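Encoded as structure tokens, the structure appears first; notes follow it.
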Amino acid sequence: MSKPRIVVVGSINMDLTTSVPRFPEPGETLLGTAFATAAGGKGSNQAIAAAKAGGDVTFIGAVGDDGFGTQLRSTLTEAGVDASLLRSVNGASGIAAITVDSAAENSIIVVAGANESVTELTEDDLDAIARADILLCQLEIPLATVVAAVRHARDNATTVILNPSPVQDLPENLINAVDILIVNRTESEQLGPVTDRVAHLVTTLGSGGADLRDHETTAHADSPTVTPVDTTGAGDAFTGAFAVEWVLDRRRALHFAAVAGALATTVHGAAASSPTRSSIERHLQ
Ligand code: RIB
């Protein structure tokens with residue numbers, strides 16, 4: 001089986017995660033129960049999820065020249081992601097301040113740091129996008145760069161998957177070049193009718209699984225029953241797995257991704273929680 005070639009142009013953050021019994025009220029001081037630092041960022045999480053699900057993955061983005069940057073680069077390469085197009089720039093790496101409550105729900109504040117410096121695509125970046133089966137993007141780097149990557153993919157017959165998170169208005173020249181849009185319920189409501197413009201719309205429904213709407217058909221995949229401990233990055237695990245399986249066996253991509261997303265909630269952390277291909281396969285049977 002040849003591995004699907006996936007290029008991710010996106011963000012990479014150090015996640016600073018505090019576990020709490022419940023979210024604090026404004027002005028309240030609360031005692032947390034645990035603290036952890038781990039690799040995150042929607043782009044990097046999706047790249048790692050795709051590599052673990054069986055993809056040949058290249059990541060394009062930027063880290064700072066701080067200790068976090070060194071750790072983040074190592075995490076990508078240890079997961080089997082090609083990080084040769086990852087820039088190191090002066091300044092701080094991106095971070096996400098995350099709070100996870102006892103119901104496994106999270107709140108996230110991202111400070112972009114080096115992610116903001118991804119304003120240009122090099123010849124090597126463009127070449128990698130043109131040779132890929134799938135380009136995977138999110139919206140945690142400058143929008144103009146996402147548009148440039150997506151347009152280049154479209155011009156070179158590379159399938160474009162966009163996970164428009166954090167949600168913002170999608171310009172015409174972006175939405176027109178997207179093949180598959182992956183949104184959660186909230187993002188779908190916020191984006192409104194623009195979601196009807198893409199050929200394939202995937203809506204993730206948390207523990208309710210996921211829906212896929214093509215031009216003429218709709219499909220649904222249930223989520224396996226799991227005991228969640230942390231939902232951070234579950235959507236990223238879903239998206240990375242979906243991208244791989246869309247190339248390998250499109251008919252089961254939705255189920256494959258729904259299993260990946262559910263399994264990711266059973267482990268703490270974002271990138272580390274995405275399941276391996278063999279683990280997803282086991283749960284599909
Ligand atoms: O989707 C989860 C991710 O969102 C976290 O890893 C955090 O870094 C933010 O980008």
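Here are a few things to note about the model shown:
- Any pair with Cβ under 9 angstrom, 6 or more apart, that starts in the range 61-89 at a residue that is under 17 Å from residue 122 (Cβ atoms) and ends at one that is aromatic (Phe, Trp, Tyr): 82/59; 83/59; 85/59; 86/59
Yes or no, residue by residue, for (1) in a strand (DSSP E or B); (2) near the ligand (Cβ under 9 Å from one of its atoms):
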residue: 11; (1), (2): no, yes
residue: 18; (1), (2): yes, no
residue: 25; (1), (2): no, no
residue: 37; (1), (2): yes, no
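- Among the residues making up the range 51-78, those that are farther than 25 Å from residue 150 by Cα and part of a loop (DSSP other than H, G, I, E, B) are 65, 66.
- Note on the range 73-94: among residues that are surrounded by 15 or more Cβ atoms within 10 Å (Cβ to Cβ) and within 23 Å of residue 229 (Cβ to Cβ), the one that is nearest to the ligand (Cβ to nearest atom) is 75.
- Exclusive hit being among the β-branched types (Val, Ile, Thr) and either surrounded by fewer than 21 Cβ atoms within 10 Å (Cβ to Cβ) or within 12 Å of the ligand (Cβ to nearest atom) (or both), set 33, 58: 33
- Near pairs, Cβ below 6 angstrom, 6+ apart or cross-chain, from the range 244-259 (over 13 Å from residue 202 (Cα atoms)) to any residue that is of a type in the set (Phe, Trp, Tyr): 245/256
- For residue 235, the criteria (1) among the small types (Gly, Ala, Ser); (2) over 13 Å from the mean Cα position of the chain (by Cα); (3) within 16 Å of the ligand (Cβ to nearest atom) hold in every case but one, which is (2).
- Residue ID - surrounded by the most Cβ atoms within 10 Å (Cβ to Cβ), chosen from residues in the range 108-150 that are within 11 Å of the ligand (Cβ to nearest atom) and part of a strand (DSSP E or B): 110
- All conditions but one from (1) farther than 18 Å from residue 139 by Cα; (2) surrounded by 16 or more Cβ atoms within 10 Å (Cβ to Cβ); (3) more than 13 Å from the ligand (Cβ to nearest atom) apply to residue 6; the one that does not is (1).
- Some residue of the range 268-284 being at pLDDT 95 or above and surrounded by 24 or more Cβ atoms within 10 Å (Cβ to Cβ): yes
- Whenever a residue of the range 1-25 is under 26 Å from residue 242 (Cα atoms), its partners that are more than 16 Å from the ligand (Cβ to nearest atom) and basic (Lys, Arg), lying with C-beta atoms within less than 7 angstrom and at least six residues away or across chains, give the pairs 5/131.
- Output for the range 151-182, where each listed residue is within 16 Å of the ligand (Cβ to nearest atom) and either hydroxyl-bearing (Ser, Thr, Tyr) or assigned to a helix (DSSP H, G or I) (or both): 165
- Enumeration of residues in the range 215-243 that are among the small types (Gly, Ala, Ser), in a helix (DSSP H, G or I) and closer than 13 Å to residue 200 by Cβ: 243
- Test set (1) within 11 Å of the ligand (Cβ to nearest atom); (2) free of Cβ contacts under 8 Å to residues at least 12 places away in the same chain - residue 97 fails condition number: (2)
- Every residue from the range 206-232 that is within 19 Å of residue 103 (Cα to Cα) and either buried (at least 17 other Cβ atoms within 10 Å of the Cβ) or within 16 Å of the ligand (Cβ to nearest atom) (or both): 206, 209, 223, 228, 229, 230, 231, 232
- Candidate set: the range 254-267, residues that are over 16 Å from the mean Cα position of the chain (by Cα) and outside any helix (DSSP H, G or I); chosen: the one nearest to the ligand (Cβ to nearest atom): 267
- Residue 105 being surrounded by fewer than 17 Cβ atoms within 10 Å (Cβ to Cβ), among the acidic types (Asp, Glu) and either at pLDDT below 95 or within 16 Å of the ligand (Cβ to nearest atom) (or both): yes
The values are calculated or read from the model by the stated rules, or taken from the named source; none is laboratory data. What you are looking at is a predicted structure, and each value in this text was computed from that prediction instead of being measured. All Cβ positions, even for glycine, are placed from backbone atoms using ideal geometry, and neighbour counts span all protein chains on display.
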